[in-house]
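Student: For reference, the structure I am asking about is given below.
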Amino acid sequence: MTYSALKLLTEGLKGHKTWPQAWRDPAPKSHYDVVIIGGGGHGLATAYYLAKVHGVRNIAVVERGWIGGGNTGRNTTIVRSNYRLPPMQALMEFSLKLWEGMSLDLNFNVMFSPRGALFLGHSDSDMLQLAQRGDAMEAAGITAELMSLAEVKKLCPLLDTSTLARFPIQGGLIQRRGGTARHDAVAWGYARAADALGVDILQNCEVTGIVRQGGRVVGVETSKGRIGADRVGICVAGNSGRVAALADLRLPIESHLLQAFVSEPVKPMLDTVVMSQSLHCYISQSDKGEIVLGGNPDQYPTYSQRGSPHRIEEAATEAMALIPALSRLRMLRSWAGTTDMSFDGAPILDATSVEGLYLNGGWCYGGFKATPGSGYLYAHLLAKGVNHAVAAPFRLDRFETGHTIDEAGAGPMPQNR
Amino acid sequence: MMLITCPHCGPRALDEFVFDRPVEAITAPDADTQTLVAQLYKRTNARGPSRELWRHSLGCRSWMTLVRDTATHQICDVEPVGGAR
Ligand SMILES: Cc1cc2nc3c(=O)[nH]c(=O)nc-3n(C[C@H](O)[C@H](O)[C@H](O)COP(=O)(O)OP(=O)(O)OC[C@H]3O[C@@H](n4cnc5c(N)ncnc54)[C@H](O)[C@@H]3O)c2cc1C
Ligand SMILES: [Zn+2]
């Protein structure tokens, strides 16, 4: 079934009672060509592109909870490709191009809203770094605009642009093609499109073991029994280390925690994504009108998905200093996600030492924007056994060989980036 | 919020402390490359009890090791680094 304006009208006249289910709830088969562990955006996108681009039909996505219940449904949904290092630029730009056509491709409105991603500069050094980043982007063919204070003020009148501001603003750098998307819709859109191509989405099914025979993967143990597989793709974000440990692997990844918050919904007041070169605070307004806020990670390893209040206080303080009008809003909810912090801040997309077992992880706190690209590239790896050129630098052994991709230049301690 | 009992100052709020690294990632100056790679890049990333190095940065600034459960945030076995106080 194709969603359309006409369909919406006819179903609406029937009181929205007869919409078909968006995806099936199948029982696991005994064997699949490919099993993808993790039903977040990345895993579901991988299944979709495997089926669509590579014609693989016998695929399962195995999710221990409900699809999109991990970081996909917990993130602040900022999409951009304003990176400095060429491998990251190529990856995120590849992904951004897919975002631009995603709703049409999936026949599902993911509400991708390229409303502009603005980084504020608060000092000469901030402005220099923003200019460097902009130059690096331009050199890679990604448009960036350095903005004066007057331009920033015009774009975002509610920002405190006075010289007496707690964090005085000197200017900014904007990527106009950046923006936000609706996180749940991304999971649902990929799930529905993958299901239509025959992919089995197995929810409430936890992978508890990775079955090997002579150094080769042959399946997974799950809470619903053993499922055979020729190839298995790990795609579990903050749980990458735990799932890899099922195959006796240790990863250059540490699991940390990032929080986010939303306010009560208000009328449109902010039509750009506001970030900062110096502060760890990012602000946008959702389509429902809520102000979405994110801050610093909690900066110690944890799987708890429960953050500390002092981070909330810090992010709220910074946000109110940037946009004083926010002080009048009540916060509705706060939550946290377990992020897979790699030891150079860049993701890992590679085969592992176990034949047939692949890894997609290490997206840290920035992998939502990569969802379509990550899925497309991981599908390529799972189908062909070798990486697509864009994914080639994101090797698992780069830490040992010294080929790290360290955008922040922060080294192997995730709390420093 | 975690409460950490500093061996010198007693129970203090988490935001006075800084996590440094799991004890397994404390490297020796003369370690060979293989050992360094293993210690820095192939850590356990445990879900459960983990022995870690922390510092009371916004307090007495002393270092300590402690065992913290990364799933429940329960903390025990706080010990000063560098012997008795
Ligand atoms: C608060 C917060 C804000 C963020 N903000 C942004 C942002 O603004 N922009 C951005 O680009 N990125 C952001 N991120 C990062 C982004 O959310 C993640 O990088 C991205 O969602 C990862 O997608 P995923 O599909 O890999 O992970 P997930 O959606 O977490 O999916 C992994 C799935 O694996 C499942 N799983 C785990 N273990 C098992 C098992 N043993 N068996 C079966 N299934 C298992 C989990 O239940 C989960 O559903 C943010 C993250 C957080 C936490
Ligand atoms: Zn102390």
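Values quoted throughout were computed directly from the atomic coordinates according to the rules given, and no laboratory measurement underlies them. Values in this document were obtained by computation on a predicted structure and should not be read as measured data. Heads up, the Cβs are rebuilt from the backbone with ideal geometry, glycines too, and the neighbour counts pull from every protein chain shown.
Student: Sort by residue number and name the cysteines in the protein assembly as shown that have no neighbouring cysteine Cβ under 4.7 Å.
Tutor: Lacking a cysteine Cβ partner under 4.7 Å: A:156, A:205, A:235, A:281, A:364, B:60, B:76.
Student: I'd like the mean, over residues of B:32-42, of how many other protein chain beta carbons sit within 10 Å of each residue's own Cβ.
Tutor: The shielding value for this peptide is 4.
Student: Any idea how far apart residue B:79 and residue B:24 come out in nm if each label point goes 7 Å out from Cα toward Cβ?
Tutor: Placing both labels 7 Å along Cα→Cβ, they lie 1.8 nm apart.
Student: Partner chain Cβ atoms within 10 Å, averaged over the residues of A:247-255 - can you pull that number for me?
Tutor: Across A:247-255, the average partner-chain Cβ count within 10 Å equals 4.
Student: Mind giving me the FRET efficiency for residue B:38 and residue A:17? R0 is 35 Å, r the Cβ-Cβ distance, nearest 0.05 is fine.
Tutor: 0.05
Student: Only Cα pairs within less than 10 Å get springs; with that Gaussian network setup on chain A, which residue of A:367, A:228, A:38 has the largest fluctuation?
Tutor: Ranking A:367, A:228, A:38 by mean-square fluctuation puts A:228 first.
Student: Find out how many positive minus negative residues lie around residue A:3, taking Lys and Arg as positive, Asp and Glu as negative, among other residues whose Cβ is under 11 Å from that of residue A:3.
Tutor: Net of charged neighbours comes to +1.
Student: If you plug each phi of the range A:30-38 into the Karplus form 6.51 cos²θ - 1.76 cosθ + 1.60 with θ = phi - 60°, what whole-Hz ³J(HN,Hα) values come out, in order, with x for Gly and Pro?
Tutor: Karplus-based 3J(HN,Hα) across the range A:30-38 equals 7, 8, 10, 5, 9, 10, 9, 8, x Hz.
Student: Which of A:235, A:364, A:156 moves the most in a Gaussian network model of chain A with Cα springs under 10 Å?
Tutor: Of the options given, A:156 has the highest mean-square fluctuation.
Student: Dimensions of the protein assembly as shown along principal axes (Cα, Å, largest first)?
Tutor: That works out to 65, 59, 45 Å along the principal axes.
Student: Here's a follow-up. If I build a Gaussian network model for chain A, linking alpha-carbon pairs within less than 10 angstrom, which residue out of A:386, A:273, A:207 has the largest mean-square fluctuation?
Tutor: Of the options given, A:386 has the highest mean-square fluctuation.
Student: I'd like the per residue volume of the convex hull spanned by the Cα atoms of the range B:3-80, given in cubic angstrom.
Tutor: 90 Å³
Student: So, R0 is 22 Å and r is the distance between the beta-carbons of residue A:58 and residue A:109; what FRET efficiency does that work out to, to 0.05?
Tutor: Using R0 = 22 Å, I get an efficiency of 0.15.
Student: Non-local amide H neighbours of residue B:78 (under 5 Å, H modeled in plane, Pro and chain starts lacking H): which ones?
Tutor: When sequence neighbours closer than 5 places are left aside, the close amide H contacts are B:67.
Student: Something else about it: Give me B:44, A:2 ranked fewest to most by other Cβ atoms within 10 Å of their Cβ, as a rough exposure proxy.
Tutor: A:2, B:44
Student: Within the set of other residues whose C-beta is less than 15 Å from the C-beta of residue A:208, count the net charge using Lys and Arg as +1 and Asp and Glu as -1.
Tutor: Local charge sum for residue A:208: +2.
Student: First select every other residue whose beta carbon is under 10 angstrom from the beta carbon of residue B:47; then total the charges, Lys and Arg +1, Asp and Glu -1.
Tutor: Once all neighbours under 10 Å are counted, the net charge is 0.
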